[in-house]
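Chemist: Structure below; questions to follow.
The values are calculated or read from the model by the stated rules, or taken from the named source; none is laboratory data. Bear in mind the structure is a predicted one, so any value in this text is a computation, not a measurement. All Cβ positions, even for glycine, are placed from backbone atoms using ideal geometry, and neighbour counts span all protein chains on display.
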Amino acid sequence: MSFISELTKGIIKENPIFVIVLGMCPTLATSTSVSNALGMGMAATFVLVCSNIFISLIKNVTPDKIRIPVYVVVIAAFVSIVDMSMAAYLPALHKSLGLFIPLIVVNCIILGRAEAFANKNNVINSIADGIGMGLGFTLALTVVATIREVLGNGTWLNIKVMPSTYDPMLITLLAPGAFITLGFLMALMNMIKEKK
Amino acid sequence: MKMFLKLGLTLLAFCMVATALLAYVNSLTKPKIEAIKIKEAQEAREMLIPDAEFEEVHGAIDYYIARDKTTKALKGYTFTAEKAGYSGAVKTMAAVDSSLTIINIKVVQQTETPGLGTNSTKPEFAAQFSGKNASQLIVDKDGGVAPNCIKALTGATITTRAVTNALKEYIDILSQEINGKGEAK
């Protein structure tokens, strides 16, 4: 597969949330508002690209039998380094994204891509895969967050969009609301796919 | 047997490299991160009590004495109160004047339910604390009578209680600290 197709497959065809259904925990936690979704999406994309590069580079020296523990060590160490450097040198960025960094460690999209893609492909394609999956994740999170924030809080990116008479549906902001929203969106995705 | 030893050693090598890297980055960044934290806390205090200089006091609780920058007159005290809310600790930074009446508060850290408990970070919630003293720090659901009470947030009585009771506890301790040391000027 070429660079471009590796890049675009993560956005719709193999969307990490709607199609592969990975990373549900951060999805539930950070899709309560659009600003959170964008923050989590960007932080995850950054870590995903870097971890993909790294895993792809060390794929020849990693014994197959212990690859998973090695990935866990690499990803956890990498995320911690990013977290510490960001807090020290980019405090403003860390303030808005820092909250999501510990969540990325438990984001199985990162480990999922390391196992399914980066350890079988070269560095260039792994970068493309990381960017594509990251963008797909960000896009899906934003769509879920848009629905939840507009219905649950009457706002979008903290800007009021619903009339003042609108009584917010609080359930959409809670975990069950996330599952319901996600269910409807997945059904919609499947419907579109079957029509094709 | 030999294979397992080799696998174990390989994993050990990976872990050692990762740990060494982490230790190195930590030694570089730790002083910087701490300096930033101290600066942020200082800025937060200055927002609560403007034009003041702060002196840190370690007692039963850690608090800061705020004095006017030019006249050195006592302006009040700031502290960070903490109590368990609905899902984790709720930290509230507060400034009180010399008679221990609240000037301003700010919920600085919380992990409460989005849309309910998180409303505690809104200025409307913080505003009702201004001008209250320790005896008025009681949630309306616990028998407080308006206007000498704190109105509970809709669907987040526990969060409201965490903030209110934490502030009350800290002000009571602060009052003992100050009077015990004869510093109430």
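Chemist: Which numbered condition in (1) over 19 Å from residue A:29 (Cα atoms); (2) in contact with a helix residue (DSSP H, G or I) (Cβ under 9 Å, 6 or more places away or on another chain); (3) within 12 Å of chain B (Cβ to nearest Cβ) is the only one that residue A:92 fails?
Modeler: Here residue A:92 clears every test but (2).
Chemist: Tell me which residues, restricted to segment B:132-163, are among the small types (Gly, Ala, Ser) and within 24 Å of residue B:109 (Cβ to Cβ).
Modeler: Within segment B:132-163, the subset among the small types (Gly, Ala, Ser) is B:134-135, B:143-144, B:146, B:152, B:155-156, B:162.
Matches in segment B:132-163: B:134, B:152, B:155, B:156, B:162.
Chemist: Moving on. For segment B:114-138, give me the residue count where each residue is in a helix (DSSP H, G or I), more than 14 Å from chain A (Cβ to nearest Cβ) and within 17 Å of residue B:84 (Cα to Cα).
Modeler: Counting residues in segment B:114-138 that are in a helix (DSSP H, G or I), more than 14 Å from chain A (Cβ to nearest Cβ) and within 17 Å of residue B:84 (Cα to Cα) gives 1.
Chemist: At the interface with chain A (Cβ under 8 Å from one of its Cβ atoms) and either over 15 Å from the mean Cα position of the chain (by Cα) or not polar (S, T, N, Q) (or both): does that describe residue B:48? Write out each step before concluding.
Modeler: Working: at the interface with chain A (Cβ under 8 Å from one of its Cβ atoms): no; either over 15 Å from the mean Cα position of the chain (by Cα) or not polar (S, T, N, Q) (or both): yes.
It is false that residue B:48 is at the interface with chain A (Cβ under 8 Å from one of its Cβ atoms) and either over 15 Å from the mean Cα position of the chain (by Cα) or not polar (S, T, N, Q) (or both).
Chemist: Right, another one. What is the number of the single condition among (1) at pLDDT 85 or above; (2) within 24 Å of residue A:18 (Cα to Cα) that residue A:69 does not meet?
Modeler: For residue A:69, the failing item is (2).
Chemist: Quick check: is even one residue across segment A:108-131 more than 21 Å from residue B:17 (Cβ to Cβ), of a type in the set (Asp, Glu) and crowded, with 20+ Cβ neighbours inside 10 Å?
Modeler: First, pick out the residues of segment A:108-131 that are more than 21 Å from residue B:17 (Cβ to Cβ): A:108-109, A:112-113, A:116-117, A:120-122, A:124-125, A:127-131.
Going one step further and asking which of them are of a type in the set (Asp, Glu), we end up with A:129.
Checking the rest, the ones that are also crowded, with 20+ Cβ neighbours inside 10 Å come to A:129.
Within segment A:108-131, one or more residues are more than 21 Å from residue B:17 (Cβ to Cβ), of a type in the set (Asp, Glu) and crowded, with 20+ Cβ neighbours inside 10 Å.
Chemist: If residue A:161 satisfies all but one of (1) β-branched (Val, Ile, Thr); (2) away from every other protein chain (no Cβ under 14 Å); (3) buried (at least 20 other Cβ atoms within 10 Å of the Cβ); (4) free of Cβ contacts under 8 Å to residues at least 60 places away in the same chain, what's the number of the condition it fails?
Modeler: The failed condition is (3).
Chemist: Right, here's the next one. Sort out which residues of segment A:78-103 are among the small types (Gly, Ala, Ser) and over 15 Å from residue A:41 (Cα atoms), and write them in order of number.
Modeler: A:80, A:85, A:87, A:88, A:92
Chemist: Applying the selection to segment A:47-72, what residues are assigned to a helix (DSSP H, G or I) and surrounded by fewer than 18 Cβ atoms within 10 Å (Cβ to Cβ)? Before you say what the answer is, go through the steps one by one.
Modeler: Filtering segment A:47-72 for residues assigned to a helix (DSSP H, G or I) gives A:47-57, A:64-72.
Of everything in segment A:47-72, those that are assigned to a helix (DSSP H, G or I) and surrounded by fewer than 18 Cβ atoms within 10 Å (Cβ to Cβ) turn out to be A:53, A:57, A:64, A:65, A:66, A:67, A:68, A:69, A:72.
Chemist: Working only within segment A:12-39, note down all residues that are surrounded by 19 or more Cβ atoms within 10 Å (Cβ to Cβ) and either part of a loop (DSSP other than H, G, I, E, B) or touching a strand residue (DSSP E or B) at 6+ places or on another chain (Cβ under 7 Å) (or both).
Modeler: The answer is A:15, A:16, A:17, A:18, A:22, A:23, A:31, A:32, A:33, A:34.
Chemist: Now for a separate question. Here's a check for you: in segment B:142-162, which residue that is in contact with a helix residue (DSSP H, G or I) (Cβ under 6 Å, 6 or more places away or on another chain) and touching a residue at least 60 places away in the same chain (Cβ under 8 Å) is farthest from residue B:126 (Cα to Cα)? Even if it seems obvious, please write down each step before you answer.
Modeler: First, the residues of segment B:142-162 that are in contact with a helix residue (DSSP H, G or I) (Cβ under 6 Å, 6 or more places away or on another chain): B:148-153, B:156-157, B:159.
Those still in the list that are touching a residue at least 60 places away in the same chain (Cβ under 8 Å) too: B:156, B:159.
Values: B:156: 14, B:159: 13 Å.
For segment B:142-162, the residue satisfying everything is B:156.
Chemist: Could you give me the residue pairs with C-beta distances under 6 Å whose first residue belongs to segment A:86-104 and is within 13 Å of residue B:36 (Cα to Cα), whose second residue is among the small types (Gly, Ala, Ser) wherever it lies, and which are 6+ apart or on separate chains?
Modeler: Sorted first by the residue in segment A:86-104, then by its partner, the pairs are A:94/A:87.
Chemist: Further question on the same structure: Search segment A:54-67 for residues that are at the interface with another protein chain (Cβ under 9 Å from one of its Cβ atoms) and pair each with any residue that is not polar (S, T, N, Q) when their beta-carbon atoms are under 7 Å apart and the residues are at least 6 apart or on different chains.
Modeler: A:62/A:70; A:63/B:7; A:65/B:7; A:66/B:7; A:66/B:11
Chemist: Report every pair of residues separated by at least 6 positions or lying on different chains whose Cβ atoms are under 7 Å apart, first residue within segment B:24-49 and within 15 Å of residue A:92 (Cα to Cα), second part of a helix (DSSP H, G or I) and β-branched (Val, Ile, Thr).
Modeler: none
Chemist: Also, I was wondering about something else. Please state which of the following conditions residue B:84 fails to meet, knowing it meets all the rest: (1) of a type in the set (A, V, I, L, M, F, W, C); (2) more than 16 Å from the chain's Cα centre (by Cα); (3) under 20 Å from residue B:173 (Cα atoms).
Modeler: Looking at each condition in turn, residue B:84 falls short on (2).
Chemist: While we're here: Residue by residue through segment B:139-161, note down the ones that are part of a loop (DSSP other than H, G, I, E, B) and touching a strand residue (DSSP E or B) at 6+ places or on another chain (Cβ under 7 Å).
Modeler: The initial filter retains those residues of segment B:139-161 that are part of a loop (DSSP other than H, G, I, E, B), namely B:143-149, B:151-152, B:154-155.
Matches in segment B:139-161: B:144, B:149, B:152.
Chemist: Continuing with the same structure: Given the conditions (1) within 8 Å of another protein chain (Cβ to nearest Cβ); (2) surrounded by fewer than 17 Cβ atoms within 10 Å (Cβ to Cβ); (3) not aliphatic (A, V, I, L, M), which single one is not true for residue A:80?
Modeler: Tallying (1) within 8 Å of another protein chain (Cβ to nearest Cβ); (2) surrounded by fewer than 17 Cβ atoms within 10 Å (Cβ to Cβ); (3) not aliphatic (A, V, I, L, M), residue A:80 fails exactly one: (2).
Chemist: Mind counting the residues in segment B:8-40 that are of a type in the set (A, V, I, L, M) and either at the interface with chain A (Cβ under 7 Å from one of its Cβ atoms) or surrounded by 12 or more Cβ atoms within 10 Å (Cβ to Cβ) (or both)?
Modeler: Just the residues of segment B:8-40 that are of a type in the set (A, V, I, L, M), to begin with: B:9, B:11-13, B:16-18, B:20-23, B:25, B:28, B:33, B:35-36, B:38.
If we keep only those that are either at the interface with chain A (Cβ under 7 Å from one of its Cβ atoms) or surrounded by 12 or more Cβ atoms within 10 Å (Cβ to Cβ) (or both) too, we end up with B:11, B:13, B:17-18, B:21-22, B:25, B:28, B:33, B:35-36.
The number of residues fulfilling the criteria is 11.
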